[in-house]
């Protein structure tokens, strides 16, 4: 006990030791944990598992009929969104099912192709009835409005797209800031608790690429850059 007290007293009288030695070591440890956690999540979600009796199957956008494809691309164009990422988002949200109902275990449900809650639709798009969100055209248009808002919200941020997607999924806030931790949303070793949303979108983008629906893949490098920056700066990437 006496030794512990002496150490505490010594640290109080030598703050430069804490700043120059202890804090960098702690940041390095946190950064390493972030990288390990991130890549474990990527491995679990993205690396195909070998199957003994059947060949690995690629997730297919089974409901992506030509009319839906054009609808999503038109909405992306109207709101200056990357159409490939917007398509991957639509696939992630519902598999392009305009009648989808999500969050069945919750009072407030997420509805339609881009899984929008009615209160969110009212806030950003002026939609007032649930049936509006089952209208594919209105739902996709509203999703475009919301994504454009979040992209503008992070304008100038090198991780603008990733943060906008996480904010969309979290219902309008970036789930890794002190402001929103007070609302009960915590971070997992510096990573947003809903980070698997963008990881699964990478897989959706890959499926769309393999079926020839899109020609490029952007999300993978964006996710890697985000993880790399989080490891380098610790909690710095969450200060927005």
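Output the residues belonging to region 158-176 that are in a loop (DSSP other than H, G, I, E, B) and within 25 Å of residue 109 (Cα to Cα). Outline the logic, then answer.
Here is the first cut: in region 158-176, the residues in a loop (DSSP other than H, G, I, E, B) are 158-159, 170-176.
170, 171, 172, 173, 174, 175, 176 - these are the residues of region 158-176 that are in a loop (DSSP other than H, G, I, E, B) and within 25 Å of residue 109 (Cα to Cα).
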Which of (1) touching a strand residue (DSSP E or B) at 6+ places or on another chain (Cβ under 8 Å); (2) crowded, with 21+ Cβ neighbours inside 10 Å; (3) at pLDDT 70 or above; (4) more than 20 Å from residue 81 (Cβ to Cβ) does residue 193 not meet, given it meets every other one?
(2)
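Got a sec? Which helices (runs of 4 or more DSSP H) wholly within region 56-157 have at least 1 residues that are under 22 Å from the mean Cα position of the chain (by Cα), surrounded by 18 or more Cβ atoms within 10 Å (Cβ to Cβ) and touching a residue at least 24 places away in the same chain (Cβ under 8 Å)? Steps first, answer last, please.
Working: elements: 66-78, 83-94, 118-125, 130-133, 136-153.
Per the criteria, 66-78, 83-94, 118-125, 136-153.
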Starting from residues that are in contact with a helix residue (DSSP H, G or I) (Cβ under 6 Å, 6 or more places away or on another chain) and either buried (at least 19 other Cβ atoms within 10 Å of the Cβ) or closer than 23 Å to residue 123 by Cβ (or both), keep the ones in region 169-190 and report whichever is modelled with the lowest pLDDT.
177
Any pair with Cβ under 9 angstrom, 6 or more apart, that starts in region 160-187 at a residue that is within 19 Å of residue 223 (Cβ to Cβ) and ends at one that is at pLDDT below 55 and assigned to a loop (DSSP other than H, G, I, E, B):
163/240; 170/185; 174/240; 175/185; 175/186; 176/185; 176/186; 176/240
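The values are calculated or read from the model by the stated rules, or taken from the named source; none is laboratory data. Remember, predicted model here, so these are calculated numbers, not experimental data. Don't worry about glycine lacking a Cβ; one is built from the backbone with ideal geometry, like all the others, and counts go over all protein chains shown.
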